[in-house]
1. Beyond 19 Å between alpha-carbons counts as too far, so tell me which of Lys62/Lys108; Lys53/Lys114; Lys64/Lys124; Lys62/Lys124 fall in that bin.
2. Determine how large the accessible area of Tyr84 is when every protein chain is in place; take a 1.4 Å probe and give Å² rounded to the nearest 10.
3. Extension gain Ser66-Asp79, at 0.36 nm per residue separation less the Cα-Cα distance, in nm?
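The values are calculated or read from the model by the stated rules, or taken from the named source; none is laboratory data. Everything numeric in this text was worked out from a predicted model, so none of it was measured. Accessible surface is based on the protein model in full, side chains and every heavy atom, while ligands, DNA and RNA are left aside. Shrake-Rupley method; radii C 1.70, N 1.55, O 1.52, S 1.80 Å.
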Amino acid sequence: MVSELDQSKSPNTSNKSNDMNSSNPYFLQHSDHPSLMLVPIKLNGINYPSWSKSMIHALTAKNKLSFIDGSIEPPSEIDKPTEYALWNQCNSMILSWLAHSVEPDLAKGVIHAKTAHQVWQDLKDQFSQKNAPAIYH
């Protein structure tokens, strides 16, 4: 007979993100849901610096920053199907959070993206442009 402790160590007995340690980046809390608003303001383009800082704080608090900074890459769907499923679940949740954190005209670009990292880079490229004369100096 396998004890509960032994079952918790087995990689095949627990494939739900809610069964893992909260320090694991694939962990999702019971209160996490797709329509969650992580920050009180929506990105409108002009407010990118403050919006991005707020999002970084919120995603850091949820241990999901590695999904937008690219340090967690998607695992192989064939070689690591369980890990890929967990990654995909978290990536999709973050994409949903991002879509709900931007104005509707910007959300169109978010919902068609494949990764949260791609969305983050696209928003950064589009809205973090520095003042050209300041760059020249």
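1. Violating the 19 Å Cα-Cα cut-off are Lys62/Lys108; Lys53/Lys114; Lys62/Lys124.
2. 50 Å²
3. 2.5 nm
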